[in-house]
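What follows is a single structure, written as structure tokens, with notes after it.
The values are calculated or read from the model by the stated rules, or taken from the named source; none is laboratory data. Remember, it's a predicted structure, so these values are computed and weren't measured experimentally. Counting neighbours? That spans all protein chains shown, and the Cβs are built from the backbone with ideal geometry, glycine included. Side chains included, ligands, DNA and RNA excluded: accessible areas come from the protein's heavy atoms. Shrake-Rupley method; radii C 1.70, N 1.55, O 1.52, S 1.80 Å.
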Amino acid sequence: MSRRRKKEDHEEHIDESWLIPYADLLTLLLALFIVLYSMSSIDAKKFQALSEVFNEVFTKGTGMMEYPNPVNQDNAVTFEEEEEDQNNEPDQEYDQVADMQELKSLQEKIDSYITNNDLDDMLETTLSEEGLLLLIRDNVLFSSGSDRVRQEDLVIANEISQLLEINPPRNIIISGHTDNVPIGNANFESNWELSVMRAVNFMKILLGNESLDPKWFSAKGFGEHNPIAPNDTEQGKAQNRRVEILILPRKQGDI
């Protein structure tokens, strides 16, 4: 009877020390799934870093976590690539600054032409993030209601074309604008048509300069729909009747 009791006691106290590392493993796995679940979206860099950490914890850098990243490998970004992109950011910023400085130099060149030829009441430049704008006022280029550049203004038009010889070239937009007084002749049904043809015909004069490549030029007409002054005075109407040359900043792939 005594021997049987001892045998039963021995069977009840089986060694369960293996449960401790097993429980630790389950705890680590639970932590892993909680972290993965808490991530709102799959991030290639975060997943890679997380994989390396758990690799080291579980297998010292080898084994279960060394499967390929489940995120599309073509779209994955390595830490080296990220560092390289960060290093390139100052270069991109420098390019933008250099581009604006180039436009500033071109503005100074045009302003010098305006001052030396006493054209301050006819031409004006403005530099902004949109580009370098050369405004040609109403008292230049066209007679009232006409889309043809006046003979006496061809010299100014040709000199402006020489100022637009930029190397490397830039995209340039010629736009025509009018006041809000309805057009009163049979050639045009609206101010919009008049403004378009003024822009096109002035652009043709510019492109008579063989040093300019037509592929960099385009023309627009706004009619009375883009005023820079109120149309309730003659002075305001005169400001709105204008031609503008917008020299655009460069973009990647322009050259």
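Below, the figures for the structure above:
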item	result
Built amide H within the under 5 Å cut-off of Lys220, gap 5+	Ile174, Ser175, Gly176
³J(HN,Hα), Karplus 6.51/-1.76/1.60, whole Hz, each residue of segment 214-231, x for Gly, Pro	x, 5, 8, 10, 8, 10, 9, x, 10, x, 8, 8, 9, x, 10, 8, x, 8
Proximal lysine pairs, segment 154-255, alpha carbons under 23 Å, eight or more residues apart or interchain	5
Amide H within-cut-off set for Phe188, under 5 Å, with H built and near neighbours excluded	none
Contour minus Cα-Cα distance for Asn116 and Lys220 (0.36 nm per residue)	34.5 nm
Inter-site label distance for Ala98 and Asn209 at 7 Å from Cα along Cβ, in nm	2.4
Segment 121-181: GluC sites (Glu not before Pro) in DSSP coil with no more than 12 other Cβ atoms inside 10 Å	Glu129, Glu130, Glu165
Rounded accessible area of Ile34 (nearest 10 Å², 1.4 Å probe)	100
Modelled FRET efficiency - R0 35 Å, Gln162 with Glu189, Cβ distances, 0.05 increments	0.50
